[in-house]
Amino acid sequence: MSIERTLNEAIRSIARVDHLALFSGKSVDYKRIAEIAGLSKADLAKLAAVKQSSVRFDEKIPTDVANRLRQVGTIENLVAGYFRGDVLKVRLWFMVPNYELGNISPRDMIRFWRGDKLLNFVIDACVP
């Protein structure tokens, strides 16, 4: 089993409530996930190692982009649980440098794909 698949399965099992309505049935609101975390198409292209022109948010979204955004969306829902579903607080949390993350914002942690460290931080802080 790949590390990527293991991470996807782990974070899905932790975030049991979709506080931000990002995942509805088989549909995922990829664009909203990117907006909440403040990720641009350029950021997503770099994360997924695809051309920026191929980044899209419809049914033809590149698989690697979709995988990263599902991971980010799950982290967003964990944080939203802590903030009782307040999307504005979640957005702010992603933008503000965090002392516990080495004065790096969670957004930048994602942009440089330190998702493992960010996920561990969020789990420690948000999951009872």
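Is it the case that some residue within region 85-93 is of a type in the set (Lys, Arg), surrounded by fewer than 17 Cβ atoms within 10 Å (Cβ to Cβ) and over 26 Å from residue 24 (Cα atoms)?
No, the conditions are met nowhere in region 85-93.
Could you list all residues from region 65-84 that are out of contact with any Cys (no Cβ under 7 Å at 6 or more places or on another chain) and surrounded by fewer than 22 Cβ atoms within 10 Å (Cβ to Cβ)?
66, 67, 70, 83, 84 - these are the residues of region 65-84 that are out of contact with any Cys (no Cβ under 7 Å at 6 or more places or on another chain) and surrounded by fewer than 22 Cβ atoms within 10 Å (Cβ to Cβ).
Looking at 37, 49, which is the one that is farther than 17 Å from residue 116 by Cα and aliphatic (A, V, I, L, M)?
49
Here is a list of conditions, (1) at pLDDT below 90; (2) touching an Asp or Glu at 6+ places or on another chain (Cβ under 8 Å), and residue 18 meets all of them except one; can you say which number that is?
The one condition residue 18 does not meet is (2).
Of the conditions (1) under 12 Å from the mean Cα position of the chain (by Cα); (2) farther than 25 Å from residue 122 by Cα, residue 52 satisfies every one except a single condition; which number is it?
Against the list (1) under 12 Å from the mean Cα position of the chain (by Cα); (2) farther than 25 Å from residue 122 by Cα, residue 52 comes up short only on (1).
Only residues that are free of Cβ contacts under 8 Å to residues at least 60 places away in the same chain and surrounded by 12 or more Cβ atoms within 10 Å (Cβ to Cβ): list them for region 115-124, please.
Once the filter is applied, which keeps residues that are free of Cβ contacts under 8 Å to residues at least 60 places away in the same chain and surrounded by 12 or more Cβ atoms within 10 Å (Cβ to Cβ), region 115-124 yields 117, 118, 121, 122.
What are the pairs, 6+ residues apart or on separate chains, where a residue within region 26-55 that is at positive phi has its Cβ under 8 Å from a residue that is among the aromatic types (Phe, Trp, Tyr)?
These pairs meet every condition: 38/94.
Hand me the list of helices (runs of 4 or more DSSP H) wholly inside region 62-114 holding 3 or more residues that are without any contact (Cβ under 8 Å) to a residue 40 or more places away in the chain.
The qualifying helices (runs of 4 or more DSSP H) are 63-82, 87-95.
Which of the residues spanning region 19-55 are surrounded by 15 or more Cβ atoms within 10 Å (Cβ to Cβ) and in a loop (DSSP other than H, G, I, E, B)?
19, 20, 22, 29, 38, 39, 50, 55 - these are the residues of region 19-55 that are surrounded by 15 or more Cβ atoms within 10 Å (Cβ to Cβ) and in a loop (DSSP other than H, G, I, E, B).
The values are calculated or read from the model by the stated rules, or taken from the named source; none is laboratory data. Note that the coordinates shown come from a computational prediction; the quantities given were computed from them, not determined experimentally. Neighbour counts run over all protein chains shown; Cβ positions are idealised from the backbone, glycine included.
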